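Each reported figure results from applying straightforward, stated rules to the coordinates on display, with no laboratory input. Worth saying up front: this structure is predicted, and the values here are computed from it rather than measured. Positions of Cβ are generated from backbone atoms using ideal geometry, with glycine treated the same way; all protein chains shown enter the neighbour counts.
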Amino acid sequence: MNTQKLTKRDIVQDLCSKCEVLQRDVAFIVQGVLDSISDALKKGKTVELRNFGVFDVQKRRARIGRNPNRPEKAIKIPAQKVIKFRAGKELRQCVRDS
């Protein structure tokens, strides 16, 4: 299992080195992009980033679940909104080829 991760700070530092822009300016822009995506999803909009993927909000219906430690007891799981991500064709191809 791969335990490496990419953080927002890593993205900011990478962009700073590529664009030769101040780190605080890049951090502000990256946060702005993330805020825009979050705001759109809160409003129920679909976020489509060409060549990357699509974020979509879907409603998961209410259902009955079971606790594996106590299977005799049913638990009501309420309906909720969930975020789904579908990778774009180029992203899938890039990951597949790596």
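Put the Cα centre of region 77-98 next to the Cα centre of region 5-40 and the gap is 21 Å. The average projected area of the chain, computed from the convex hull of its Cα atoms over all directions, is 9.9 nm².
So what is the 222 nm mean residue ellipticity for the chain from helices alone, if each DSSP H run of at least 4 adds -39500 (n - 2.57) and you divide by all residues, rounding to the nearest 500 deg cm²/dmol?
Details: 3 runs with 41 residues, N = 98.
Helices in the chain give a 222 nm mean residue ellipticity of -13500 deg cm²/dmol.
For region 53-98, what does the alpha-carbon gyration tensor say about shape, rounded, prolate or oblate, given a ≥ b ≥ c as the root eigenvalues, a/c under 1.5 as rounded, and a/b over b/c as prolate? Because a/c hits 1.5 or more and a/b fails to exceed b/c, region 53-98 counts as oblate. In degrees from 0 to 90, rounded to the nearest 10, what is the angle of the helix 8-19 Cα long axis to the longest principal axis of the chain? Value to nearest ten degrees: 20. Note on Arg60 and Asp97: with the Förster distance fixed at 41 Å, the Cβ-Cβ geometry gives a FRET efficiency of about 0.80. You can think of it this way: the chain between Ile77 and Asp39 has 11.1 nm of extra reach, that is 0.36 nm per residue less the Cα-Cα gap.
For the chain, relative contact order (Cα pairs under 8 Å, six or more residues apart, normalised by length) works out to 20 percent. Modelled this way, with points 7 Å down the Cα-to-C-beta line, the labels at Ile11 and Lys89 are 2.5 nm from one another.
What percent do you get for the relative contact order of region 53-98 when only Cα pairs under 8 Å and 6+ apart count?
Working: 60 pairs, mean separation 20.6, N = 46.
Worked out over region 53-98, it gives 45 percent.
Restriction of the trypsin sites (Lys or Arg not before Pro) in region 6-94 to DSSP coil positions whose beta-carbon has at most 14 other beta-carbons within 10 angstrom yields Lys43, Lys45, Arg50, Arg61.
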